[in-house]
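Rule-based calculations on the coordinates, nothing more; no lab input. Remember, predicted model here, so these are calculated numbers, not experimental data. Cβ placement follows ideal geometry from the backbone for every residue including glycine, while neighbour counts extend to all protein chains displayed.
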Amino acid sequence: MSSRAVTSLSNPTVKAVRALHLRKERDETGLFVAEGLKNVTEGVELGHAPQILMYGRDAGDHPLLQKAVQATLAARGEVIEVTQDILAKVSRRDNPQAVVGVFRQGFRPLSEIDPAEAPCWVALHRVRDPGNLGTIIRTADAAGCGGVILVGECCDPFAVEAVRATMGSIFAVPLSRASEAEFTAWRQRWPGSVVGTLLSAAVDHRGADYRKPSLILMGNEQQGLPPDMAGLCDVAVKIPMRGRADSLNLSVATGIMIYAATG
Ligand SMILES: C[S@@+](CC[C@H](N)C(=O)[O-])C[C@H]1O[C@@H](n2cnc3c(N)ncnc32)[C@H](O)[C@@H]1O
């Protein structure tokens, strides 16, 4: 493998990768960090070459690591072998993954979405929690959704916590983002059902008309869907709850809705 060894935390590449924990830095550079050989391999297999690839001695001569190294070098990226201490600082974990890749972020403009590509799509209004967002992206991938659309001010899908929760699906699921006004205008041309989720809805989610391609609209963790967003839906549904919990976790509710729409 063609790489150089780096042992100092003040190395400029190491500093640049550590800085990607900050949203401001991710927004400015358009880069993000994916940890672990599985995630990095997923990116490489889906045609995203790392711009920077770091690995520790523990990664050894794994054939998948060699593939990632080749993809990085072919794309004129940088490959460095680093110490365990550097890996721990980069991932802010005592037991870091032995491989870390830095990739370019990508968003698909709403205008480039072809609804006919998939039977189900997911829109999230003002999602706040990166773990929820990553879990939803992973579930959307598993169920074969066409993409996830982030509406309004949302948390960053490329935050380290979100990327971890996607388990590699960050590379497989196209992401789009839109202001409330852009989403409202775009939704008017949606050819299938737009299904909103509201705790106050009267319709059971199992009985709704999921005319394909269906677009599932989910609300924010604290406030739920505001009236203007709920007003965009053809139907609002509720997932029945029998115990004392007053709502479901957002990512769990989204998973139930995705499988109701695609099942
Ligand atoms: C934690 S809940 C929000 C609770 C918020 N206090 C409210 O009044 O809507 C986050 C999102 O998950 C979805 N959700 C959670 N439980 C649901 C249920 N039982 N039926 C339908 N949607 C649900 C909705 O999209 C909701 O906006």
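Semi-axes of the equivalent ellipsoid for the stretch 97-229, computed as √(5λ) from the eigenvalues of its C-alpha gyration tensor and ordered from largest down, come to 25, 16, 15 Å. Legend: Rg and Dmax of the stretch 172-248, from Cα coordinates, 13.2, 39 Å.
Computed across the chain, the Kirkwood radius stands at 19.5 Å (inverse of mean 1/r, all Cα pairs).
Residues I256, I52 in ascending order of nearby Cβ atoms (within 10 Å, fewest first): I256, I52. Over the residues of the chain, the helix contribution to mean residue ellipticity at 222 nm works out to -9500 deg cm²/dmol, using -39500 (n - 2.57) for each DSSP H run of at least 4.
Quick one: how many lysine pairs does the stretch 4-104 have with C-alpha atoms less than 21 Å apart and a gap of 8 or more or different chains? Give me the count, please.
5
Phi angles across the stretch 199-215 convert, under the Karplus curve 6.51 cos²θ - 1.76 cosθ + 1.60 with θ = phi - 60°, into 3J(HN,Hα) values of 5, 8, 5, 9, 8, 5, 4, 7, x, 6, 8, 8, 5, 7, x, 8, 10 Hz, Gly and Pro given as x. Scalar couplings 3J(HN,Hα) for the stretch 247-259, obtained by applying the Karplus form with A = 6.51, B = -1.76, C = 1.60 to θ = phi - 60°, are 7, 9, 4, 3, 6, 5, 4, 5, x, 4, 5, 4, 6 Hz; x denotes Gly and Pro. With contacts taken as Cα pairs under 8 Å at a separation of at least 6 residues, the stretch 47-148 carries a relative contact order of 28 percent. How would the stretch 151-213 be classified by its alpha-carbon gyration tensor: rounded, prolate or oblate, with rounded meaning a/c under 1.5 and the a/b versus b/c comparison settling the rest? Note, shape of the stretch 151-213 comes out prolate.
Determine the distance separating the Cα centre of the stretch 212-248 from the Cα centre of the stretch 15-39; give it in Å without decimals. Rounded to whole Å, the Cα centres lie 32 Å apart. Dividing the radius of gyration of the alpha carbons in the stretch 4-104 by their Kirkwood radius gives 0.93 for Rg/Rh.
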